[in-house]
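What follows is a short report on a single structure.
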Amino acid sequence: MKTFTVALLIMLAAGSAMAEGVGLLPGGPLTLWINLDGTGEIVNDGWEPVVFDSYSIASPHWTLIAANWTTIPVNASVPGFLDSIGLTLPEAMTWQPFAETAGLICEGSLSSPATLAPGGRIPLGAVFTEWAGWEVSPKDAIYTFSYVNSATGVQYEVDLGVPEPASLSLLALGGLALLRRRRG
């Protein structure tokens, strides 16, 4: 019974965390966070700085809002941002968008790789469909996040799907019903 209760609490905690925002780890230390309001950010959740030359986010269902994208040169004016990615202002200005469509946003630099410090964040703006309004079915909200780590020469890539909140709620309710049945 204790094991079941602990498992249920873990499920509920995970469901609550997913309801606030969706962050999934790719094959490397950087995480793409997509919040319910449509904003997103790239976060270094690791313990070491991460060096990378470029990143991209692809949407096979063309659900990105490229006009709202905040690039590294735009973020350069935010106090403390340049320190968190290890670039000077002239180096940040070498980062250029390679694609700005509803299907793909991508930026990079051929001369100045960024180094995202542990806990560092790169705000992306409101480039994702706003989940609160459910403009797109959650099953269609699939993204591919990738980046190239200059230090290792490795490219990391992962497909991200956004869980449907109704499914998570039903799972939690089913667990509560089982718990009540075992007690009664």
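Could you tell me which residue of the range 110-153 is modelled with the highest pLDDT, considering only residues that are surrounded by fewer than 14 Cβ atoms within 10 Å (Cβ to Cβ) and of a type in the set (Ser, Thr, Tyr)?
Among residues in the range 110-153 that are surrounded by fewer than 14 Cβ atoms within 10 Å (Cβ to Cβ) and of a type in the set (Ser, Thr, Tyr), the one modelled with the highest pLDDT is 111.
Take residue 101 and tell me if it is out of contact with any Gly (no Cβ under 9 Å at 6 or more places or on another chain) and not hydrophobic (A, V, I, L, M, F, W, C).
Values: out of contact with any Gly (no Cβ under 9 Å at 6 or more places or on another chain): yes; not hydrophobic (A, V, I, L, M, F, W, C): yes.
Yes; evaluated as a whole, the condition is true for this residue.
Given the conditions (1) within 20 Å of the chain's Cα centre (by Cα); (2) farther than 20 Å from residue 59 by Cα, which single one is not true for residue 103?
The number of the failed condition is (2).
Any residue at all in the range 78-87 that is touching a strand residue (DSSP E or B) at 6+ places or on another chain (Cβ under 6 Å) and either at pLDDT below 90 or within 16 Å of residue 41 (Cα to Cα) (or both)?
yes
Tally the residues that are surrounded by 18 or more Cβ atoms within 10 Å (Cβ to Cβ) and not in a loop (DSSP other than H, G, I, E, B), restricting the search to the range 77-103.
6
The values are calculated or read from the model by the stated rules, or taken from the named source; none is laboratory data. The model shown is predicted, which means the values in this text are computed figures rather than measured ones. Glycine gets a Cβ as well: all are built from the backbone with ideal geometry, and neighbour counts include every protein chain shown.
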